[in-house]
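One structure is given below, encoded as structure tokens.
The values are calculated or read from the model by the stated rules, or taken from the named source; none is laboratory data. All figures in this text were calculated on a predicted structure; none of them were measured in a lab. Here the Cβ positions follow ideal geometry from the backbone for every residue, glycine too, while neighbour counts run over all protein chains shown.
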Amino acid sequence: MRVTLPASPLAPGTPVSLHIRMVGTGTPLLVLHGGWGYDIYPFDRQIAALETTHRIVIPDRTGYGGSGTLDVQQVDFHQRAAEETLALLDALDIDRPILWGHSDGAVIALRIASMAPHRPRGIIAEATHFWRRKPASRRFFETMRDAPEQFGGRVVATLECDHGPRWRALIATNGAAWLRIADEAPDPFADLYDGRLGRVNTPVLLIHGGKDPRTEPGEFEALAAALGRTLSAVEVLPNAGHSPHSEASSADTVSALARQFLAGAVPQAASSLR
């Protein structure tokens, strides 16, 4: 399925065409992919577990997958992507979805909840970033920018299949954006939400891998503290890495956690569709 938006902050001045996967029926569940796109960390197990109770909507944001081209990844791309996502929800006539964001997608989901607290019915935030400066990941981001081929043949093949010939430029611009985010941070503990996570008033489930290499010491604890009273549950899977939902050892556990959260903290409601 394709949806055309008249404008997007990710591609100013032109309409954008977004590719969307849509599966199942029920309460809308919008899945927001990370900085490498959908195919590298697919939600196959979760789709199988939830498609009978949820209308699962998975867009490729501008620049990714089957969607339109992203010329430059702006340093405020999380905010721009949040605004594009809200415009997409309007175009699809979806009022109060559940948001499931992974990595960059989790940042985008929480920014949506901080700028439009009435809009999400609930949020699953997985492998969420909090601090702007991530010194332990700097070399990783530099490799993204300068030599993404070094991530190996399987990764490169998946990225090329998902994004086509532009895969290298896409990964390079994402790495460069993260380096700029760090370099322009006013202090070591500046967060990606401009101190506004206190505005989030919808139930939040945090899912995190205990071995996530993109998480700085103390970063996850700072994120949980900033969310405070909105947290319905915090689940740290000790042996999982950056993508618990797609890793063989943790995927089924993540599906079960999501189903429990959605059934309890976020009851099914026909009113979630206009």
With the range 25-124 as the region, which helices (runs of 4 or more DSSP H) entirely inside it contain at least 1 residues that are within 19 Å of Thr230 (Cβ to Cβ) and of a type in the set (A, V, I, L, M)?
77-91, 104-115
Within the range 162-190, how many residues are in contact (Cβ under 8 Å) with a residue 24 or more places away in the chain and in a helix (DSSP H, G or I)?
16
Filter result for the condition that a residue is farther than 23 Å from Glu247 by Cα and at pLDDT 95 or above, over Asp104, Asp90
Asp90
Residue list for the range 191-245, restricted to those being farther than 13 Å from His129 by Cβ, out of contact with any Ser or Thr (no Cβ under 7 Å at 6 or more places or on another chain), charged (D, E, K, R) and assigned to a helix (DSSP H, G or I):
Glu221, Arg229
Can you confirm whether the range 223-237 contains a residue that is surrounded by 21 or more Cβ atoms within 10 Å (Cβ to Cβ), in contact (Cβ under 8 Å) with a residue 60 or more places away in the chain, under 24 Å from Ile40 (Cα atoms) and in contact with a strand residue (DSSP E or B) (Cβ under 8 Å, 6 or more places away or on another chain)?
no
Just for the range 246-260: of the residues that are more than 18 Å from the chain's Cα centre (by Cα) and part of a helix (DSSP H, G or I), which one is surrounded by the most Cβ atoms within 10 Å (Cβ to Cβ)?
Thr253
Among the residues of the range 178-190, how many are more than 15 Å from Phe130 (Cβ to Cβ) and either among the aliphatic types (A, V, I, L, M) or surrounded by 19 or more Cβ atoms within 10 Å (Cβ to Cβ) (or both)?
1
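For residues that are surrounded by fewer than 17 Cβ atoms within 10 Å (Cβ to Cβ) and in contact with a helix residue (DSSP H, G or I) (Cβ under 9 Å, 6 or more places away or on another chain), scanning just the range 1-11, find the one that is nearest to Ile94 (Cα to Cα). Explain how you work it out, then say what you get.
So in the range 1-11, the residues surrounded by fewer than 17 Cβ atoms within 10 Å (Cβ to Cβ) come out as 1-4, 6-7.
With in contact with a helix residue (DSSP H, G or I) (Cβ under 9 Å, 6 or more places away or on another chain) added as a condition, the list becomes 3-4, 6-7.
On the way: Val3: 13, Thr4: 15, Pro6: 18, Ala7: 18 Å.
The qualifying residue nearest to Ile94 (Cα to Cα) is Val3.
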Any residue at all in the range 149-157 that's in contact (Cβ under 8 Å) with a residue 60 or more places away in the chain and either assigned to a helix (DSSP H, G or I) or among the hydroxyl-bearing types (Ser, Thr, Tyr) (or both)?
yes
Out of (1) modelled with pLDDT of 95 or more; (2) among the basic types (Lys, Arg); (3) over 27 Å from Leu70 (Cα atoms), the odd one out for Arg199 is which?
(1)
If a residue must be over 26 Å from Asp191 (Cα atoms) and surrounded by 24 or more Cβ atoms within 10 Å (Cβ to Cβ), how many such residues does the range 79-103 contain?
0
Criterion violated by Thr53 - all others in (1) touching a residue at least 12 places away in the same chain (Cβ under 8 Å); (2) of a type outside the set (D, E, K, R); (3) out of contact with any Gly (no Cβ under 7 Å at 6 or more places or on another chain) satisfied:
(3)
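Which of the residues belonging to the range 12-59 are among the aromatic types (Phe, Trp, Tyr) and buried (at least 23 other Cβ atoms within 10 Å of the Cβ)? Even if it seems obvious, please write down each step before you answer.
Initial filter on the range 12-59 (among the aromatic types (Phe, Trp, Tyr)): 36, 38, 41, 43.
Trp36, Tyr38, Phe43, listed by residue number.
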